[in-house]
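S.K.: Next up is a structure, given as structure tokens.
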Amino acid sequence: MYHSKSILGATADFTTDMLQLSTSPFLTHPKRNTHKICFLIHSLYKQIMLKAMISTDKIKEDLRTRFIGRRLHVYDTVSSTNDVARALALEGAEEGTVIIAETQTKGRGRAGREWFSPRGGLWFSIILKPKIKAREVSRITLTVGVAVTAALNRQFNLNAEVKWPNDVLVNGRKVCGVLTESVTCDETVKMVVVGIGLNANITLEEFSRSLRGSATTLKEELKKEVSLESLLCEIFYRIESEYVVFLTEGFAQVLSEWKALAAFIGKHVEVTVVGRKFRGMAEDVDEYGSLIVRLSDGSVKRVVAGDVKVRIV
Ligand code: BTN
């Protein structure tokens, strides 16, 4: 079943504009009112034009999956696709349901960081219901990281790499981040929302100066815009394949693929955990997705993904 631009997104924006019109103090000033109405007509027109950016029909044509993306909700604007996905999952949405937004007003990254989500990017969340324990949730993040990286390499012949715990890099810069959030009960996972943010058809100039040094976009790397629909279909296909391997054959296979794509295993890194820094050699990632760092005194630290920052030094 396909839902396009339903009320949580675009329609809600329109309603807000209409309400502003009817409650605006400008209504008592006929001259200024004309400007206000022109402005509203212009912004409604702009929204209608921009809304055509991600086409559910095109996705439907290209889709090669069994369950991921078979149920699709495409919005113009939401606060965060992870929040919409979570609400839908709690209402009983099926596994594989995908929520896409063309922009997010409160997109978030790991550790509550803000996630810049302008038009032209791919901002979406997938509802999964794996029968796994809470301690295995980080395996989902790594599984999705492998899938997105493989999709980019396959579709654009790039040399994308995974960076622990949840980034995808192209030429050493972050092009994509994965935010996995779960609902658990007694150590058992009830549902997982995997939020994926991919800087696709965006220019670097749109980013703040502070992000420009570490981020990149597909448009920047490929010097052209890409089809968001066909990229989404490739990503859905890769995620479904890796996810099924993980659930049916175990995590070992996915982990070895992850390591083969890893950006900094064997490199010196600086790790920041809740404001505290230490340096060492990134030696490995274990079966629960923890980073193993060897310190200069020979001891080993196991770093669990969470509020952690890692950079190559
Ligand atoms: C990170 O690298 O910190 C993770 C970024 C995840 C961003 C995506 S965009 C779609 C989904 N909705 C959100 O609010 N966040 C994720």
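FYI, it's all coordinate maths here, none of it is from the lab. Remember, it's a predicted structure, so these values are computed and weren't measured experimentally. Every residue, glycine as well, gets a Cβ built from its backbone with ideal geometry; the counts of neighbours run over all protein chains shown.
S.K.: If you add up the charges near GLU114, with Lys and Arg at +1 and Asp and Glu at -1, over every other residue whose beta carbon is less than 10 angstrom from its beta carbon, what do you get?
M.R.: On the way: positive: LYS106, ARG108, ARG113; negative: none.
Charge balance near GLU114 sits at +3.
S.K.: Once you place label points 7 Å from the Cα toward the Cβ at ARG294 and ASP186, how far apart are they in nm?
M.R.: Here the modelled spin labels are 4.3 nm apart.
S.K.: Okay, which of region 117-158 sit inside 18 Å, backbone N to the point 7 Å along the Cα-Cβ direction of LEU90?
M.R.: Once the point is set 7 Å along Cα→Cβ of LEU90, 125-129 turn out to lie under 18 Å by backbone N, inside region 117-158.
S.K.: Same structure, new question: Quick one: check the C-alpha center-to-center distance for region 107-155 versus region 169-193, whole angstrom.
M.R.: 5 Å
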